[in-house]
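Since the structure comes first, as structure tokens, the remarks are kept for the end.
None of the figures in this text is laboratory data; all of them are computed from the coordinates on show. Quantities reported herein were computed from a predicted structural model and do not represent experimental measurements. Note that we place each Cβ from the backbone using ideal geometry, even for glycine, and neighbour counts take in every protein chain shown.
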Amino acid sequence: MENYIITAVVLIVILFALKNILFTNVNNVDLELEIDPETDSSKTDDVTVIRDFTPRELSNYNGFDLEKIYIAVRGNVYDVSKGRQFYGPSGPYSNFAGHDASRGLAMNSFEIENLRSWDQPIDELDDLTEIELKSLDGWEGMFKGKYPCVGKLVADPQFSK
């Protein structure tokens, strides 16, 4: 009986340690603060730069190449960096990072096959069903309400139709 109790306690400790290793939170690193500790990051966080992004430029904002994570929805580019646990590397929506996520969101599919690569024309979404468009409306409303818009997705002349 004593062996069962010891085994159970050891198993619980191992499972708890394994849970902490596998499910740790991803911490954001403020690179500007790391480089220049004198920088007041509270001032830089509030600044939103509105600019145009080609799909190629957007692809760099994936949480790997650059710290920031941007996602485009219906032509608007949102900074979803504060949702890194969802959109960052190993997050459930990580495929959307650095992409136009409109089609995947409309279809409620997180598969990479529903995303265009940076060297393809921007998805016009003209073949979506009414139900898919309504789903996309809901997602777009969520992004507008939760994340700052930092720009517009524009076609790269080199890869336009």
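At a glance:
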| item | result |
| --- | --- |
| Separation of the THR7 and LEU133 label points, Cα + 7 Å toward Cβ, nm | 6.2 |
| Modelled FRET efficiency - R0 30 Å, ASN60 with ASP126, Cβ distances, 0.05 increments | 0.65 |
| Spin-label model distance (nm) - ARG51 vs GLU113, 7 Å beyond Cα toward Cβ | 3.6 |
| Relative packing of peptides 56-64, 100-108 - highest average C-beta neighbours within 10 Å first | 100-108, 56-64 |
| Protection-proxy order for peptides 132-145, 67-80, 1-14, each taking the mean of Cβ atoms within 10 Å per residue, highest first | 67-80, 132-145, 1-14 |
| Per-pair calculated FRET efficiency, R0 = 22 Å: SER90 and ILE14 via Cβ, rounded to 0.05 | 0.45 |
| Percentage relative contact order, the range 51-159, counting C-alpha pairs under 8 Å, at least six apart | 35 |
